[in-house]
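Notes to accompany the following structure.
The values are calculated or read from the model by the stated rules, or taken from the named source; none is laboratory data. Nothing here was measured: the structure is a model prediction, and the numbers come from that model. Don't worry about glycine lacking a Cβ; one is built from the backbone with ideal geometry, like all the others, and counts go over all protein chains shown. In case anyone asks, the SASA skips ligands and DNA or RNA and just uses the protein heavy atoms, side chains included. Shrake-Rupley method; radii C 1.70, N 1.55, O 1.52, S 1.80 Å.
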Amino acid sequence: MALFMSSMDQTIVATALNAIQTDLHAQLTWSGWTITIYSLGQIIAMPLAGKLGDHFGRKRVFLIAAVVFTSASLACALAGNIYVLVALRAVQAVGGGGFMPSATGIIADHYGPGRDRAVGMFTSIFPIGGILGPILGGIFVTYASWRWIFFVNVPIGILLLVLGWRLIRETARKPAERIDVRGLVLLACVMLTGMYGMTNLGHGVTSPWFLTPILVAAVLAWLFVRHTVRARAPFIPMRLLRGRGFGAMNVLNLLFGGAAIGFGALVPLYAEERFHLDPLEAGTVLTARGAGVICVAALAVMTLRRLGCRIPMMVGFTLIVTGFALMAFPPPGVNGYLWLMVAAGITGVGMGVAVPASNNAGLQLAPDQIASIAGLRGMFRQSGSIISVSIMTAVVTNSTSPAMAQAHGFVVLSVLMLAALPLIFTIPDHRGSW
């Protein structure tokens, strides 16, 4: 329930932007920040929640995240102007970002020897929520009000709190250590300034709105790395960033986020521009991707111990690339809607195959830091999403043929994913429980 709500709220607002803009008399750029600030907030919250969950108890962090998310959802629904709404979405993102790492740790702790399969099945919910978000958002906006995309979280969040309090047992905590506040602040500033700069890429690479935050982020990143190397107990140990297997997984998660979360969200826009579909048809294209994930996720989880992580990741990434290639190169005279449905379905199958394996591939590298690794994974995937969307929207905005520019973007991202496939062979191919 928690993971579905968190992932759904990442995309559900997209279909309500026009309604929010009209009702709150806001500029489109500010309305768009209701989506951007949620991603930025999650990027910062995920590694923080993972670290806090390891030290102070995952149940406690999970329930606090539920309180923050539910309260912020109610406040968002009651917001009277766009500036308050954007600020409240940032608070909501902190709660939503706390779900994934704490819940992943809870699942792993509760299922013991079967936690590889349990984590694989659990995390496959995330893309489903992201896919259904725009559809549910369209229903609420059409038949009720944009405010109901936030109101709907309140009863679910209350039920989640009651069930979580009664059914989830507290897990063992690590010995309390002094929190690396300096490392935390530096990492948060790096992500915030860097991702803010990427969202302003549409102003041009020479624009101060892009260059200034990117340069500041580069300096802060250098300070963060220097501090992490020197600190006795750093907020994120360097081995989780570039240690054996972790460096490759971080790169793969960055690319996966750019493809599955970022470019995936742009498919409806591509459908409208390239094949002249109406907004409703364009929005339903992603249902095929959701169906693909659902159809194979359970099978992928059940075969983890037989196949290991490398084979499903290779097959899944290849299928995602294949789906993007089909979108970019439709044959002449084909029905655009059916072609995109097929291509989106193939990318969904690829995601369903790759997600359980890739999630376990990272966690089994350090089973004693499950929540922290889950938080880092989410951070890199969300970062990839923002980077890919920012670059693609900037290219499309400055192109005389937006549809073909986006098609070329699919090709470029596919080439990058193919080039990264050899990294999979640097990750230990663990089979069995961990």
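Laid out as a table, the results:
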{"quantity": "Two-site label geometry, V219 and H408: point separation in nm, points 7 Å out along Cα→Cβ", "calculated": "3.5 nm"}
{"quantity": "Stokes-Einstein D (µm²/s) once Rh is taken as the Kirkwood radius of the range 144-208 over alpha-carbon pairs, at 20 °C in 1.002 mPa s", "calculated": "126 µm²/s"}
{"quantity": "Cα point-scatterer Debye curve for the range 38-174, base-10 log of I(q)/I(0) at q = 0.21 Å⁻¹", "calculated": "-1.36"}
{"quantity": "Spin-label pair A87/R226, simplified geometry with 7 Å Cα→Cβ offset, distance in nm", "calculated": "3.5 nm"}
{"quantity": "W339 - accessible surface, heavy atoms, 1.4 Å probe, Å² rounded to 10", "calculated": "60 Å²"}
{"quantity": "Principal semi-axes in Å for the chain [√(5λ), Cα gyration tensor, largest first]", "calculated": "30, 26, 23"}
{"quantity": "Proportion of all alpha-carbon pairs of the range 105-144 beyond 16 Å (%)", "calculated": "51 percent"}
{"quantity": "Solvent-accessible surface ranking, highest first, for Y38, Y111 at 1.4 angstrom", "calculated": "Y111, Y38"}
{"quantity": "The range 302-434, accessible surface, carbon-and-sulfur percent (1.4 angstrom probe)", "calculated": "72 percent"}
{"quantity": "Rg ratio (alpha-carbon, reference 2.2 N^0.38 Å) - the range 1-72", "calculated": "1.32"}
{"quantity": "Largest-first ellipsoid semi-axes for the range 273-367, taking √(5λ) over the Cα gyration tensor eigenvalues, angstrom", "calculated": "30, 12, 10"}
{"quantity": "Computed FRET value (nearest 0.05) for R239 with F329, which takes r as the C-beta separation and R₀ as 35 Å", "calculated": "0.25"}
{"quantity": "Computed Rg/Rh of the range 190-314, alpha carbon atoms with Kirkwood Rh", "calculated": "1.09"}
{"quantity": "Nearest-10 value in Å² for the accessible area of M1, using the 1.4 Å probe", "calculated": "100 Å²"}
{"quantity": "Cα-centred dipole magnitude for the chain, charges only on beta-carbon of K, R (+1) and D, E (-1), debye, nearest 20", "calculated": "1560 debye"}
{"quantity": "Surface accessible to a 1.4 Å probe, R147 within the full protein complex, Å²", "calculated": "60 Å²"}
{"quantity": "Distance histogram in 5 Å bins (all Cα pairs of the range 329-434, percent per bin)", "calculated": "2, 9, 13, 19, 19, 14, 10, 7, 5, 2, 0"}
{"quantity": "In sequence order, calculated HN-Hα J values of the range 341-353 (Karplus, 6.51, -1.76, 1.60; Hz; x Gly/Pro)", "calculated": "4, 5, 4, 5, x, 5, 5, x, 4, x, 5, x, 6"}
{"quantity": "Cα pair distances in the range 81-150, grouped into 5 Å bins until the bin that holds the longest one, percent each", "calculated": "3, 13, 15, 17, 18, 13, 9, 7, 3, 1"}
{"quantity": "Calculated [θ] (222 nm, deg cm²/dmol) that DSSP helices of n ≥ 4 give over the chain, each run adding -39,500 (n - 2.57)", "calculated": "-25500 deg cm²/dmol"}
{"quantity": "Radius ratio Rg over Rh of the range 163-258, counting only Cα atoms, Kirkwood formula for Rh", "calculated": "1.10"}
{"quantity": "Fully extended contour minus Cα-Cα distance, from S145 to V67, at 0.36 nm per residue", "calculated": "25.7 nm"}
{"quantity": "Sorted largest first, extent of the range 33-78 alpha carbons per principal axis (Å)", "calculated": "33, 20, 7"}
{"quantity": "Solvent-accessible ranking of V225, V285, largest area first, probe 1.4 Å", "calculated": "V225, V285"}
{"quantity": "Residue-wise HN-Hα coupling along the range 407-415, computed from phi with Karplus coefficients 6.51, -1.76, 1.60 (Hz; x: Gly, Pro)", "calculated": "4, 5, x, 4, 5, 4, 5, 4, 5"}
{"quantity": "Gain in span if fully extended, I311 to N398, counting 0.36 nm per residue against the direct Cα distance", "calculated": "27.4 nm"}
{"quantity": "Approximate spin-label separation W209-L299, in nm, with each point projected 7 Å along Cα-to-Cβ", "calculated": "4.7 nm"}
{"quantity": "Listed residue (N398, G292, A19) projecting farthest to the positive dipole end of the chain, Cβ model", "calculated": "G292"}
{"quantity": "Built amide H within the under 5 Å cut-off of T171, gap 5+", "calculated": "R58, K59"}
